[in-house]
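*Asks:* The structure follows.
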Amino acid sequence: LLINGIPHNSQDIFYDLGSGSGRAVMAARFCGDFKQCIGIELLGNLHEMAISVKSLYRFQYQHKLTHQQVHFVSSDLLDHDWWTNGTVVYVPNLLFDDSLKEQIEEKAIKVQPGAYLICLKKFHSVAFNAKFDLITERPVAMSW
């Protein structure tokens with residue numbers, strides 16, 4: 001998992017920007033120790049799928065993970081204020097266009113000190129690279 005090796009604790013908040021069907025959010029919930037795991041998805045059909053997955057997991061596993069909360073938000077990721085409280089932010093930016101990547105960079109540089117961004121593709125702005133240190137880089141197999 002991409003969150004392995006990212007220091008976090010039960011007060012941290014995980015965000016997935018473009019959460020699709022919610023796989024990364026649910027993986028963070030079950031493999032990490034986050035206070036909240038939040039997915040933001042613009043496409044309605046994918047958001048509904050994530051809500052269905054959450055319902056299934058809530059029914060089967062809620063009793064085992066009492067302190068963690070999972071939320072899925074149907075919204076444009078630029079309209080949700082993830083940069084104000086996100087401490088571990090996953091950005092699956094392989095297919096994001098240049099304009100969206102630039103807007104994400106502008107928001108990302110506002111995160112609190114010590115926050116982590118997990119990106120599938122490097123960001124290149126000077127301000128972004130001044131704010132964040134590259135910790136590791138590795139190839140990741142995608143399921144599609």
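*Asks:* With the checklist (1) more than 15 Å from the chain's Cα centre (by Cα); (2) surrounded by 14 or more Cβ atoms within 10 Å (Cβ to Cβ); (3) not hydrophobic (A, V, I, L, M, F, W, C) in hand, flag the one item ASN85 doesn't pass.
*Replies:* (1)
*Asks:* When you scan the range 65-100, how many residues do you find that are out of contact with any Cys (no Cβ under 8 Å at 6 or more places or on another chain), part of a loop (DSSP other than H, G, I, E, B) and modelled with pLDDT under 90?
*Replies:* The total comes to 3.
*Asks:* Could you check, for the range 86-96, whether at least one of its residues is over 15 Å from TYR15 (Cβ atoms) and free of Cβ contacts under 8 Å to residues at least 12 places away in the same chain?
*Replies:* So far as the range 86-96 goes, yes, one or more of its residues are over 15 Å from TYR15 (Cβ atoms) and free of Cβ contacts under 8 Å to residues at least 12 places away in the same chain.
*Asks:* On to the next question. If SER21 passes every condition in (1) under 23 Å from VAL140 (Cβ atoms); (2) in a loop (DSSP other than H, G, I, E, B); (3) open to solvent by 40 Å² or more (accessible area, probe 1.4 Å) but one, which one does it miss?
*Replies:* Every listed condition holds for SER21 apart from (3).
*Asks:* With the checklist (1) open to solvent by 70 Å² or more (accessible area, probe 1.4 Å); (2) of a type outside the set (S, T, N, Q); (3) closer than 23 Å to ALA27 by Cβ; (4) at pLDDT 90 or above in hand, flag the one item LYS122 doesn't pass.
*Replies:* Result: LYS122 fails condition (4) only.
*Asks:* Out of everything in the range 35-51 that is of a type in the set (A, V, I, L, M) and part of a helix (DSSP H, G or I), what residue ends up being farthest from LEU120 (Cα to Cα)?
*Replies:* So, considering only residues that are of a type in the set (A, V, I, L, M) and part of a helix (DSSP H, G or I), the one farthest from LEU120 (Cα to Cα) is ILE51.
*Asks:* Restricting attention to the range 25-40, does a residue exist that is under 24 Å from LEU95 (Cβ atoms), in contact (Cβ under 8 Å) with a residue 24 or more places away in the chain and open to solvent by 80 Å² or more (accessible area, probe 1.4 Å)?
*Replies:* no
*Asks:* Please verify whether LEU78 is within 17 Å of LEU117 (Cβ to Cβ), over 11 Å from the mean Cα position of the chain (by Cα) and among the hydrophobic types (A, V, I, L, M, F, W, C), treating the condition exactly as stated.
*Replies:* For LEU78, the condition - within 17 Å of LEU117 (Cβ to Cβ), over 11 Å from the mean Cα position of the chain (by Cα) and among the hydrophobic types (A, V, I, L, M, F, W, C) - is met.
Matching residues to (1) in contact with an Asp or Glu (Cβ under 6 Å, 6 or more places away or on another chain); (2) modelled with pLDDT of 95 or more; (3) assigned to a loop (DSSP other than H, G, I, E, B); (4) hydrophobic (A, V, I, L, M, F, W, C):
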{"position": "ILE3", "(1), (2), (3), (4)": "no, no, yes, yes"}
{"position": "ASP16", "(1), (2), (3), (4)": "no, yes, no, no"}
{"position": "ARG29", "(1), (2), (3), (4)": "no, no, no, no"}
{"position": "ASP33", "(1), (2), (3), (4)": "no, no, yes, no"}
{"position": "VAL53", "(1), (2), (3), (4)": "no, no, no, yes"}
{"position": "PHE59", "(1), (2), (3), (4)": "no, no, no, yes"}
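*Asks:* Residue pairs, Cβ under 7 Å, 6 or more apart or interchain, first in the range 104-133 and among the acidic types (Asp, Glu), second surrounded by 14 or more Cβ atoms within 10 Å (Cβ to Cβ). List them.
*Replies:* Between residues of the range 104-133 that are among the acidic types (Asp, Glu) and residues that are surrounded by 14 or more Cβ atoms within 10 Å (Cβ to Cβ), the close pairs are GLU105/PHE123; GLU105/SER125; GLU105/PHE128.
*Asks:* Here is a list of conditions, (1) modelled with pLDDT under 90; (2) open to solvent by 30 Å² or more (accessible area, probe 1.4 Å); (3) of a type outside the set (Phe, Trp, Tyr); (4) in contact with a helix residue (DSSP H, G or I) (Cβ under 6 Å, 6 or more places away or on another chain), and LYS107 meets all of them except one; can you say which number that is?
*Replies:* Condition not satisfied by LYS107: (1).
The values are calculated or read from the model by the stated rules, or taken from the named source; none is laboratory data. Small disclaimer: the values here were computed from a predicted structure and weren't measured. For neighbour counting, all protein chains shown are included, and Cβ atoms are generated from backbone atoms with ideal geometry for every residue, glycine included. Accessible surface is based on the protein model in full, side chains and every heavy atom, while ligands, DNA and RNA are left aside. Shrake-Rupley method; radii C 1.70, N 1.55, O 1.52, S 1.80 Å.
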